[in-house]
C-alpha cells in the first residue's frame, strides 16, 4: 500500500513539472514577439520623431526667410525697363520676370486698370502707374507682389492729389503728361510752366515735340543717352511726338507726386516753346513765339561757344603751364647733372694736382740726397 502511494506522489510531481515546462515553453514565443514589437515601436517612434523635428526646423527656417526683407528704391522718372534692370542688378528678381509680371495686368486688383487703353504700339500698359518709391519686400515674394504694392501706392498718391481737380483730362492722360514733365523738368519751379506749355500746344493742336518721347524709343526705355540727334526725330513710333500730334500712346516713365501735381495744376501762360539753357541747374528759356524761340537757341549756342572757347583756353593754359613746368624741371635736372659733372671734374683735377705735388717732393728729396752724397765723397778725397 505504501509503495503505491509513493508511486502516485512521484508521478503527480512529474506531471506538475512537465506542465510547468510546457507553460514556460509556450510563453517564450509570445515574449519574443512582444520584444520584437517593442523594438519596432521604439525604432518607428525614433524615425518619425527625427522626421518631425526636421520638418519643424524647416518650417522655422521658412518663417525666418519670410520675415527677412529686401529694400529697393526707384527714383522718380524711372521707366519699367530701368526698374527691371535695377532689380536684377540687386539680385532681387530677374528683369524678364519683373517685365512679365508688369505685362500680365489681369492679375491685379485695382479697378482703374480697365480704364487704361490697350492701344497698338503701347509698350507697357502699366508704365506710369508703378509709383517710384522705396519698397521693403520679403525675400521669397514674387515680382507680382512688388507690382501690386507699387500700383496701390500710385492709387493712394493719385487719390490724394486729385481731390478738387476740375480739369477735363482722364487719369491716363494726366499720368502720360506727368511722365513727360518728369523727364523734361529738373527744377521744381519749372514743372507747372512745362505743364502749361503742354496744355497750350495741345489746345492749338500742335505737335508736342518733346525730346524724352524720342529717347524712350531710341534707348529702349533706359534713357542712357543724353542727346537727341536730328536722325532720331524721324523714328517711326507712336511715342514720338515729333512725328505724331497729341500725347504719346502711353507714359514714358513713372512720375512722382510733384510731376502729377504739375499736370493737374498747369501754370497759365502764353508760352509755346522752351529750350534748355545748358547750365548746371538744368533750367530752360521759355518763349511765346517761334522767333523768340529761335533767338533763345542762338543765344544759347553763342554761350556754348564762349564756354567751349573758355574751357579750351583754360586747357591750353594748363598745357602751357605744364609744358613750362616740365621745361623748368628739365632745366634744373640738366643743371644738377652739369653741377655734378663739374664737381667730379674739379675733384679729379684736385686729385691730379695733389699727385703731381707728391711726385715733385719725391724728386726734390732724391736730388738733395744725391747732392749730399757727392759732397761727402769730395771731402773724403
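Taking the criterion of being over 27 Å from residue 220 (Cα atoms), at pLDDT 95 or above, part of a helix (DSSP H, G or I) and in contact with a helix residue (DSSP H, G or I) (Cβ under 8 Å, 6 or more places away or on another chain), would at least one residue in the range 94-107 satisfy it?
No, that holds for no residue.
Inside the range 230-242, can you point out the residues that are surrounded by 10 or more Cβ atoms within 10 Å (Cβ to Cβ) and free of Cβ contacts under 8 Å to residues at least 12 places away in the same chain?
Selection gives 234 alone.
Does residue 213 qualify as being free of Cβ contacts under 8 Å to residues at least 12 places away in the same chain and surrounded by 14 or more Cβ atoms within 10 Å (Cβ to Cβ)?
No: the conditions fail for residue 213.
When you look at residue 171, is it farther than 14 Å from residue 265 by Cα and surrounded by fewer than 21 Cβ atoms within 10 Å (Cβ to Cβ), yes or no?
Judged against the criteria, residue 171 is not a match.
Can you go through 149, 166 and tell me which one is farther than 30 Å from residue 236 by Cβ and assigned to a loop (DSSP other than H, G, I, E, B)? Steps first, please.
Values: 149 fails: assigned to a loop (DSSP other than H, G, I, E, B).
The conditions single out 166.
So which pairs qualify, if the first residue must be in the range 61-75 and within 18 Å of residue 132 (Cα to Cα), the second must be assigned to a loop (DSSP other than H, G, I, E, B) and modelled with pLDDT of 95 or more, the Cβ gap must be under 7 Å, and the two must be at least 6 apart or on different chains?
70/92; 72/90; 72/92; 74/132; 74/133; 75/132
Check whether at least one residue in the range 138-146 is closer than 27 Å to residue 218 by Cβ, assigned to a helix (DSSP H, G or I) and modelled with pLDDT of 95 or more, and report yes or no.
Yes, there is a match, as at least one residue in the range 138-146 is closer than 27 Å to residue 218 by Cβ, assigned to a helix (DSSP H, G or I) and modelled with pLDDT of 95 or more.
The values are calculated or read from the model by the stated rules, or taken from the named source; none is laboratory data. No experiment lies behind these values; they were computed from the predicted model shown. We place every Cβ from the backbone using ideal geometry, glycine too, and count neighbours over all the protein chains shown.
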